[in-house]
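Read-outs throughout are calculated quantities, based only on the coordinates presented, and are distinct from any laboratory measurement. Since the structure is predicted, the reported quantities are computational estimates derived from the model, not experimental observations. With ideal geometry, Cβ positions are generated from the backbone for all residues, glycine too; neighbour counts draw on all protein chains shown.
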Amino acid sequence: MKFRRVTQRDDEVIPTASMADIVFLLIIFFMVTSVFNLDRGLEMKLPQMERAGQISRKGIVVSIDARGSVYVDGSPVELQDVGRRVYEKREKSPGAPVIFKSDRDTKYQKIMDVLDELMKAGIYDVSLPVVEEKKGEGGGKGK
């Protein structure tokens with residue numbers, strides 16, 4: 001008597017057709033629940049001014065125009081030479097205030113670069129003058 005061996009095929013497979021659906025649902029879930037911090041920097045509370053104080057008009061004036069050109073007492077200066085020039089002028093007249101002016105349209109990066117050069121030269125006491133906004137003015141350009 002001959003016996004036939006009966007083997008059953010294993011039909012148990014992982015259904016991969018719905019796997020893509022699950023992956024897309026997970027992607028959507030993480031996209032919706034993610035929190036993006038767009039403001040990455042120092043948390044600063046900027047001062048508000050009702051009235052501008054007086055600063056001395058006699059001193060060493062460092063200014064930047066809207067194009068980013070740097071001047072020390074009206075003379076054009078390269079960025080890397082700002083600290084040295086101001087330091088030399090300060091040695092000639094000790095105690096002279098350093099007044100830093102910039103155009104409203106100057107990029108902040110340029111302002112920070114100039115302040116970094118001044119700090120490298122050991123100049124930390126810098127006055128930043130502001131223009132007092134008159135009531136009734138909208139603060140638009142050209143005023």
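Prolate is the label for the range 60-127, because the ratio a/c of its alpha-carbon gyration tensor axes (a ≥ b ≥ c) is 1.5 or higher and a/b is greater than b/c.
How much net charge surrounds D65 when only the other residues with a Cβ under 11 Å from the Cβ of D65 are counted, with Lys and Arg +1 and Asp and Glu -1? With Lys, Arg at +1 and Asp, Glu at -1, the neighbours total +2. A simple charge model with +1 on the Cβ of Lys and Arg, -1 on the Cβ of Asp and Glu and nothing else charged puts the dipole of the range 60-127 at about 60 debye relative to its Cα centre.
At 7 Å along Cα-to-Cβ for each site, give me the label-to-label distance between D81 and V6 in nm. The modelled label-to-label distance comes out at 10.0 nm.
Around the amide H of S127, modelled in the peptide plane, lie the amide H atoms of V98, I99, F100, all under 5 Å away and 5 or more residues distant in sequence or on another chain.
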